[in-house]
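Report on the structure given below.
Read-outs throughout are calculated quantities, based only on the coordinates presented, and are distinct from any laboratory measurement. Owing to the predicted nature of the structure, the values given are computational and were not obtained by experimental measurement. Neighbour counts run over all protein chains shown; Cβ positions are idealised from the backbone, glycine included.
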Amino acid sequence: MLKGYIKELARVDSSRSRFHEAACNGRALVLVFFATLVALVGLAVWFVTGTPGASHRGPLAPLDADGRRLADKLKKHVTGVASEEHNVSHPEALERSARYIESTLSALG
């Protein structure tokens, strides 16, 4: 009877160790999955935020005549559109901005 009890304990103990090994393997698999996920997210953030090349250093070159003319036009357009708040709460201002954009685009052809 004692031998049968010992055999049964050995059988139960070996099945526990197999279950424990399977659980550890499952945990390792989950750990590898999440580590891979974190690495992929880190790679995606690096890819999206990374800037190719080198940043400009030093003073900018002065604008030539075309650059000054372009800057003046840009300033005029920004002032024409963004000089006042225009949204659904201010429909009159929104309409004025829309008319300005339409007239500017129609003048360009």
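With K and R counted +1 and D and E -1, the other residues having a Cβ less than 15 Å from that of residue 69 yield a net charge of +1.
Per-residue Karplus couplings for segment 83-100, computed as 6.51 cos²θ - 1.76 cosθ + 1.60 with θ equal to phi - 60°, are listed in order as 6, 9, 5, 9, 7, 5, 7, 10, x, 5, 5, 5, 5, 4, 5, 5, 5, 4 Hz, Gly and Pro entered as x.
Per-residue packing, averaged as other Cβ atoms within 10 Å, sorts the ranges 89-100, 28-39, 45-56 into the order 89-100, 28-39, 45-56, beginning with the highest. If the chain linking residue 92 and residue 78 were pulled fully straight, counting 0.36 nm for each residue of separation and taking away their Cα-Cα distance, it would gain 3.2 nm.
Taking Rh as the Kirkwood radius computed over C-alpha pairs, what is the Stokes-Einstein D of segment 65-108 at 37 °C in a medium of viscosity 0.692 mPa s, expressed in µm² per second?
Details: Rh = 11.3 Å.
Calculated translational D: 291 µm²/s.
Based on the Cα coordinates of segment 25-94, what is the per residue volume of their convex hull in Å³? Could you put the intermediate results ahead of the total?
Details: hull volume 13.3 nm³, N = 70.
Residue-normalised Cα hull volume stands at 190 Å³.
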